[in-house]
Amino acid sequence: MKFRALMQDPLYMKEFQAIVATLTKLAKDCVMILGSRQMHFIVNEDQSSAASPLVWAGIAADEYFPEYRMEAAHPDQEYIVLGVSSANLGRALSVLRGGGVNSCKLKLQRIQFPCISVIASVLTSSSTEAREVVHDVPVTIIPGSDWSAYVVPRVPNSQLALGLPSLRLLKSLIDKLKNISPSLEFQANLDGELNVIATSEMSTVTSRFQKLLIRTVAGSQQEASCSVDSRKASAFFGALQLPNEELTIGIDREHSIHLQIDVRQDVVLHSILPAVCM
Amino acid sequence: MADVEPSPYGDCKFVARVEHIKTLTQAIKAICFNDYGMLQVSEDGLRITVEQGKSIQATLFMPPGAFMEFRVQDFQCFGVKMNVLSECLSLFGSADCSLRMMYRDKGDPLKIILYPHDDDDVSTECAIKTMDCDEPIDYDQNLKDPDLNVIFVRGPNLSKVFNELEKSAEEFEFVTSPNRPHFKITTVGIMQAVFSVEVAKTSPMMMMFNCKQTVVARYKSQQIRMTNKAMQSATKVAIKTNSVGLLELHLVMQGDSQEEIFIQFFIIPLLNTD
Amino acid sequence: MKYTLEGSNARVIAKAVQSLSKVGKEMFIEIDQQSLQMRAINATQSAVGSISFKRSMFEVYDMPPHSDFYCKISMKGCLAVFRNMNEVEYCELNLLDNQTNLQVNLRCKLETTKEATISIIDDQNINTNINTDQMPNIIRGDHKLLTDISNNFNSSEEELTLEANSGSVVAKNYIEGARVNDKFMRTQLKLKPSEFEQYQVTKETVITFCIKEFRAFLLFAECLNASLTLEFDEAGMPFLLKIKKHGEIECLLIMSTLSPDDISFSEDYCQKDLTVQDEDVRAAVGKRKSSVSKPNVTNKRKGSSSEPAAVQPKRRVEETQLESSLDNPLFQFRDSEAPSVQHPRILAEVDTVVLIEDEAEQEALMLAAADAALEASIAPTPEPPNSTEVCFINTDDSQQPKPAKSSSDEDETIPQSPERPNKVRTIFSRCFQRTYVPREPSPNTQVYVPNSDTED
């Protein structure tokens, strides 16, 4: 069992850090699935006592890592699956945020216990030589027999998906709406309109986003709507640390809302907010 | 008065528009210390009054000139939940919005529609339930005496002075006097320490100083601190006390439109126990 | 007595107060002919910080000749006075009413005057005479560098370990080889001598000290834009942090360090050479949390003091130590020909020191429990005659350890330690073993991983 990955481009390092920082804000722990060409992070819905939704990120290794090597424990296995504290991983990677990092290596090794060592070579003003900062993030190795519980979630089939060009107003809105109502109804229609409705005993708040791009239409649906837990929605938007402004909202009527942020071509962050009864 | 109603407002008894909501939002938040607020609309403008117990009252007053558009039929009076109103105004966070406010008639909700300035494709409509209106306490008459102590101070400076008062104090003692100390606030009820702050009447922060008698009165520090938020955004403050220490803080806030808006606090002094 | 400062100097004093407030809940002020000193000691009495301002910083320094003054005031009150200093143009300190009150008068912009009267709790001082001059290892670095180092560690971290040798210094949040909880993230930072302004490590050493107080002083160095000098010997010996600015401000933070003695082993893995008392080790300040060297909180009362000793009747007056103290007295050490006051500390494995954050009293209770457990678990070793011993002079009976009996008294009975409350946090357990012994591998770690790359 071996895993080793190296990053060198400051832009990619920052982006990778931002993805992990987003997960850090969502839950204490996450699952890392290391494949031969792909890396996945999953934050499970039930894992945290907070109102955190299911969120996962898929990262094509070539995008970020000029060097990437994974050997599973057995030749017939395709992955290494690890449980890791997202808080620790986030803190270990936080050095990448500032820039001035030459390179950053991730390495699975055993010290007193298995861990992912994050080895950053940092340039400082006080010296011409780079300084080495090492964080050993403890991990739990999840044996192959348990993998069925840790599969990468499937993107649901939305009846209607709309592309929102800017997250900014929605983000602040959702954060405030969670104080008004425990559930939010998302309504989308073929005119490219999205309504978010919060209802409480004292008020009804209807927010309207118009002229959105229509990404997917399944069948002859004119519109689709779904109500979700407002704290879960707010947890997802509140956690976002990525610079991306675009968001795709897919509505699978009666089942769930799928939120997707394309960080780049093969680096995608997803979340599923399950439907709640109104 | 409007004789022909334009159609978008239908048969609304009260319609108002504000181009930038920042000051209004700040003002509403500044008086949000109790759940229930009383809205009174007349041709004079809009008043929102919040009280707590019988010892503190705050009134936000916006004259018609502070609105882009202001139309009212008769005198309207209704109650709303202040936190709901405040939450609705801040739905878009720091993004600047324009606002339209509508109220049809007794029993109908107050409608507030926000339009963010930087995105024409987004809007939010809030329908806030209204309640029956109580009568606010009228302190104004008590402060009509000719021999009040009156001080006008620059808002940001006074805000700093208030802000530096030790927060763990239970009470503050205010002294206003024609002689030294002209204006002094002392903390009461801190273990092992006493703090005070004194402003000379010649200080550049004083815009007017007119004290005829020495008035010493104590107030709950918690109530004085309720004025902090308003003080932070005030340009000018009038401090008035009568001989028994009834305190009026009259704050002037520069609205985003041409005309100023006002917040008036009345605070009842504590009984002198010593 | 009256002391006045110009606004910017007063702002420096305010920053000093803020830093010291992160060390202790009480502020000790001492004024003599040369300087005004402010001191604070932390709750576990493992760190004493002192900041001294030379007479030249003051405009008026009205100190009657041949006299000095010291007092204790509440840190909270002090902090409240010096909270917001931006507007201050002039600051006046007055000792009022037969020295029962300290009055601070701040003249601010716009003809505003702030005044605070803080009552003096006691005329008490803290005092040590650790020799602060001759440490074998001296490292001086810019505050930015040290802040950079400290920022790599979590704010919840308790302690910092430095591994220093002539070629490099490694900052870590763990001790190499000590058992670490398998949820614990180890962090290390390797620094080259070239990053420092001065680097003199003549004695290779691994030293562990408390990071909280270190950070408090780092903050002050940042405000002075000054360098910090770290001076230390070996594990168990005091660690010093010094800051100097223009010869007018001098800061000294003395911290006790984790002694190798205090790393406990289960009997199976006990290494022989570690149970044998090493003289140097015994001279050590002792472990931070349990076998802490208590600074000499000595009650120095003026004969003229109006308050009788009844204010704190339990305090033991210790006068002889004071006048003989060295230049920078903080902890009290002395040669002990006499039997030791404290037992040498060897913590048993079961003895994890527990404490509740920010609850000094609870902490004291816990310490007492740990001490009792400790004493119960060890066979005291005879005292080598000429070792230096931490002198334990505590003025508060509630914290006073039992006076040691003859150290060879093997049958000493010790009362049962009090029960620990449920919500206590265990610290240090990871320091108690030098080598990792994988006794019970958890089911999830069955797949033993070879290191991913062998290249380094």
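The values are calculated or read from the model by the stated rules, or taken from the named source; none is laboratory data. Bear in mind the structure is a predicted one, so any value in this text is a computation, not a measurement. All Cβ positions, glycine included, derive from the backbone under ideal geometry; neighbour counts span all protein chains shown.
The strands (runs of 3 or more DSSP E) falling completely within the range C:158-263 that include 2 or more residues that are touching a residue at least 24 places away in the same chain (Cβ under 8 Å) map to C:159-164, C:186-191, C:198-201, C:205-210, C:227-232, C:239-245, C:249-255.
Each row is one residue, and each column tells you yes or no for (1) modelled with pLDDT of 90 or more; (2) within 21 Å of C:V12 (Cβ to Cβ).
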site	(1), (2)
C:K54	yes, yes
C:M57	yes, yes
C:D62	no, yes
C:D68	no, no
C:M75	yes, yes
C:N94	yes, yes
C:D97	no, no
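Assess whether B:L91 counts as being closer than 18 Å to B:T23 by Cβ, buried (at least 19 other Cβ atoms within 10 Å of the Cβ) and in contact with a Gly (Cβ under 8 Å, 6 or more places away or on another chain). Against the criterion (closer than 18 Å to B:T23 by Cβ, buried (at least 19 other Cβ atoms within 10 Å of the Cβ) and in contact with a Gly (Cβ under 8 Å, 6 or more places away or on another chain)), B:L91 does not qualify. In the range B:95-127, the qualifying residues are those that are facing another protein chain (nearest Cβ under 8 Å) and surrounded by fewer than 21 Cβ atoms within 10 Å (Cβ to Cβ), and the one that is nearest to B:T23 (Cα to Cα) is B:A95. Applying the condition of being among the basic types (K, R) and facing another protein chain (nearest Cβ under 8 Å) to the range A:102-117 and asking which residue is farthest from C:Y174 (Cα to Cα) yields A:K107. For the range A:46-85, a residue qualifies if it is within 12 Å of chain C (Cβ to nearest Cβ) and either under 30 Å from A:S256 (Cα atoms) or of a type in the set (A, V, I, L, M) (or both), and the qualifying residues are A:M70, A:A72, A:A73, A:I80, A:V81, A:L82, A:G83, A:V84, A:S85. In the range A:1-116, counting only strands (runs of 3 or more DSSP E) that sit wholly within it, the ones holding 2 or more residues that are under 21 Å from C:M185 (Cα atoms) span A:2-7, A:29-34, A:38-43, A:80-85, A:101-110. Taking the range A:128-158 as the search range and keeping residues that are more than 7 Å from every other protein chain (Cβ to nearest Cβ) and surrounded by 22 or more Cβ atoms within 10 Å (Cβ to Cβ), which one is modelled with the lowest pLDDT? Among them, the one singled out is A:S158.
One residue stands out among those in the range B:127-143 that are over 24 Å from B:S55 (Cβ atoms) and assigned to a strand (DSSP E or B): the one that is nearest to the chain's Cα centre (by Cα), which is B:I128. Suppose the filter is touching a His at 6+ places or on another chain (Cβ under 7 Å) and surrounded by 17 or more Cβ atoms within 10 Å (Cβ to Cβ); does A:V118 pass it? Here the answer is yes, as A:V118 does meet what is asked.
Listed here are the residues, each with its yes/no results for (1) touching a strand residue (DSSP E or B) at 6+ places or on another chain (Cβ under 6 Å); (2) surrounded by fewer than 22 Cβ atoms within 10 Å (Cβ to Cβ).
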position	(1), (2)
C:G167	no, yes
C:E197	yes, yes
C:Q200	yes, yes
C:F220	no, no
C:A226	yes, yes
C:E250	yes, yes
C:L253	yes, no
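Being under 30 Å from B:D96 (Cβ atoms), surrounded by 18 or more Cβ atoms within 10 Å (Cβ to Cβ), within 21 Å of the chain's Cα centre (by Cα) and among the charged types (D, E, K, R) is not true of B:K240. Only residues that are facing chain C (nearest Cβ under 9 Å), touching a Phe, Trp or Tyr at 6+ places or on another chain (Cβ under 8 Å) and of a type in the set (A, V, I, L, M, F, W, C): list them for the range B:181-199, please. Passing the criteria: only B:V199. Out of A:K232, A:K171, one residue alone is within 14 Å of chain B (Cβ to nearest Cβ), in contact (Cβ under 8 Å) with a residue 40 or more places away in the chain and under 19 Å from B:L91 (Cα atoms). It is A:K171.
Which number in (1) modelled with pLDDT under 90; (2) under 22 Å from B:N83 (Cβ atoms) marks the one condition that A:A218 misses? Of (1) modelled with pLDDT under 90; (2) under 22 Å from B:N83 (Cβ atoms), only one is false for A:A218: (2).
Quick check on my filter: what residues within the range A:86-96 are within 12 Å of chain C (Cβ to nearest Cβ) and farther than 15 Å from A:T140 by Cα? Result: A:G90, A:R91, A:A92, A:L93, A:S94, A:V95. Got at least one residue in the range C:198-205 being touching a helix residue (DSSP H, G or I) at 6+ places or on another chain (Cβ under 9 Å), more than 10 Å from chain A (Cβ to nearest Cβ) and β-branched (V, I, T)? Taking every residue of the range C:198-205 in turn, at least one turns out to be touching a helix residue (DSSP H, G or I) at 6+ places or on another chain (Cβ under 9 Å), more than 10 Å from chain A (Cβ to nearest Cβ) and β-branched (V, I, T). The residues of the range B:144-180 that are assigned to a loop (DSSP other than H, G, I, E, B), closer than 26 Å to B:K229 by Cβ and more than 9 Å from chain C (Cβ to nearest Cβ), listed by number, are B:L148, B:L165, B:A169, B:E170. With respect to B:L39, is the statement that it is of a type outside the set (V, I, T) and within 30 Å of B:E248 (Cα to Cα) true? Yes: the conditions hold for B:L39.
Do we have any residue at all in the range C:149-161 that's out of contact with any helix residue (DSSP H, G or I) (no Cβ under 6 Å at 6 or more places or on another chain) and more than 11 Å from every other protein chain (Cβ to nearest Cβ)? Checking the range C:149-161: at least one residue is out of contact with any helix residue (DSSP H, G or I) (no Cβ under 6 Å at 6 or more places or on another chain) and more than 11 Å from every other protein chain (Cβ to nearest Cβ). Just the residues that are more than 9 Å from every other protein chain (Cβ to nearest Cβ) and either of a type in the set (S, T, N, Q) or assigned to a helix (DSSP H, G or I) (or both), please, taken from the range A:118-127. Hit for the range A:118-127 is A:S121, nothing else. Applying the condition of being farther than 29 Å from C:E26 by Cβ and in contact (Cβ under 8 Å) with a residue 60 or more places away in the chain to the range B:159-201 and asking which residue is surrounded by the fewest Cβ atoms within 10 Å (Cβ to Cβ) yields B:F162. Against the criterion of being in contact with a strand residue (DSSP E or B) (Cβ under 9 Å, 6 or more places away or on another chain), of a type outside the set (S, T, N, Q), under 20 Å from C:T100 (Cα atoms) and crowded, with 20+ Cβ neighbours inside 10 Å, C:M1 does not qualify. Tell me, please, whether a residue that is touching a helix residue (DSSP H, G or I) at 6+ places or on another chain (Cβ under 6 Å) and buried (at least 18 other Cβ atoms within 10 Å of the Cβ) can be found in the range A:68-84. Yes; the residues of the range A:68-84 include at least one that is touching a helix residue (DSSP H, G or I) at 6+ places or on another chain (Cβ under 6 Å) and buried (at least 18 other Cβ atoms within 10 Å of the Cβ).
Look at (1) free of Cβ contacts under 8 Å to residues at least 40 places away in the same chain; (2) closer than 30 Å to C:Q188 by Cα; (3) of a type outside the set (D, E, K, R); (4) surrounded by 19 or more Cβ atoms within 10 Å (Cβ to Cβ) and you find that C:N154 fails only one, number (4).
With the structure loaded, tell me whether C:L102 is within 11 Å of chain B (Cβ to nearest Cβ), over 30 Å from C:E197 (Cβ atoms) and in contact (Cβ under 8 Å) with a residue 60 or more places away in the chain or whether it fails that test. Yes; evaluated as a whole, the condition is true for this residue.
In the range A:174-198, of all residues being of a type in the set (A, V, I, L, M) and more than 9 Å from chain B (Cβ to nearest Cβ), the one that is nearest to the chain's Cα centre (by Cα) corresponds to A:I174.
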